[in-house]
1. DSSP loop (so not H, G, I, E, B), at most 13 other Cβ within 10 Å: list which trypsin sites (Lys or Arg not before Pro) in the stretch 147-190 pass both filters.
2. Can you give me the distance in nm between label points at residue 201 and residue 247, each placed 7 Å from the Cα along the Cα-to-Cβ direction?
3. Relative contact order for the stretch 88-232: what percent, with Cα pairs under 8 Å and sequence separation of 6 or more?
4. Want the number for residue 39 to residue 70: 0.36 nm per residue separation, take away the alpha-carbon distance, what's left?
5. Do the sum for the chain: with -39,500 (n - 2.57) for every DSSP H run of n ≥ 4, divided by all residues, what is the mean residue ellipticity at 222 nm, to the nearest 500 deg cm²/dmol?
6. Report the paramagnetic label zone for residue 1: residues of the stretch 94-114 whose backbone N is under 20 Å from a point 7 Å from Cα along the Cα-to-Cβ axis.
7. At a Förster radius of 25 Å, what calculated FRET efficiency corresponds to the Cβ-Cβ distance of residue 215 and residue 156, to the nearest 0.05?
8. Do any GluC sites (Glu not before Pro) in the stretch 75-173 lie in a DSSP loop with no more than 11 other beta carbon atoms within 10 Å, and if so, which?
Amino acid sequence: MHLNLTIDQGNTAAKMALWLGDEMKAMSIVPRLTPETVQRFAMSADQRPKAAMYCSVTCRGGDLLNDMRRYIPLVTRLRADMPLPVKIAYGTPGTLGADRIAAAAGAVSKHPGKPLLVVDAGTAVTYDYVTADGIFAGGNIAPGMSMRLEALHRFTARLPRLEMPRQLEKGNFMGTDTASAMILGSAYGIIGSIEFYRRHLPDDTVTVVTGGWASMISRLIDMEVDAEPDLASRGLNSILIYNEHIQQQHAALHI
């Protein structure tokens, strides 16, 4: 069994992970990716990775991928048109964010055969639906926690600029002053949206929450959720494994 490297580049940080099969062996979260940072992490294990999958919400990464190809045999950037363990039914698959594909694949790998509501609560928040037979049916995009607070400050005359705290007390959902009203309004606006989407999906739908605010949401929401902060990384690894199986099957047919 060989080692895989996954890189999930978000808006504010990047997650690098090393996988042996479906088991994560190491993870590093960095504010900025450089060729040196990636190589140092990739070479930190006892064996070299044989495959790597890169996912980014930006359009950058070409130089990084070229550098990785010097020491990793197979380096791939996630695309909607490549073989995937989920079928994309999005109307414009070329515009579907790679992070949303990776999160959907990660959710399917954790809950195969189940309909899924996949919520990625980061800088923005996405609410995506994957059917029980693995079809990415669509989803919505909305401002994330911090973005909501910043918009309230920027587009009003007197509301202050606030930072969203990482923990809130459950049960206290109505603000008692301007600051708490803004913070709770931002948090429960997202939680209310999750509950809305869940009510309109099949009864056996599993709700999987990821992103920087997954921990807060899982503590505050009044429904069962699977909080998985490394969902996109898990999905990238599952896509690597899926493509490896396809290649093995193709090779077997030509023996």
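1. Passing both the DSSP loop test and the Cβ count: 158, 161, 166, 170.
2. Between residue 201 and residue 247, the label points sit 3.2 nm apart.
3. Details: 241 pairs, mean separation 37.4, N = 145.
Taking the mean separation of contacting Cα pairs over the length of the stretch 88-232, I get 26 percent.
4. 10.2 nm
5. Numbers: 7 runs with 90 residues, N = 255.
Rounded to the nearest 500, it is -11000 deg cm²/dmol.
6. In the stretch 94-114, the label zone of residue 1 (backbone N under 20 Å from the point 7 Å along Cα→Cβ) covers 106-112.
7. Details: r = 29 Å, r/R0 = 1.16.
According to the calculation, E is roughly 0.30.
8. Details: sites: 150, 163, 169; in loops: 163, 169.
Sparse-neighbourhood loop GluC sites (Glu not before Pro): 163, 169.
Read-outs throughout are calculated quantities, based only on the coordinates presented, and are distinct from any laboratory measurement. Because the structure is predicted, anything quoted here is derived from the model rather than measured. Don't worry about glycine lacking a Cβ; one is built from the backbone with ideal geometry, like all the others, and counts go over all protein chains shown.
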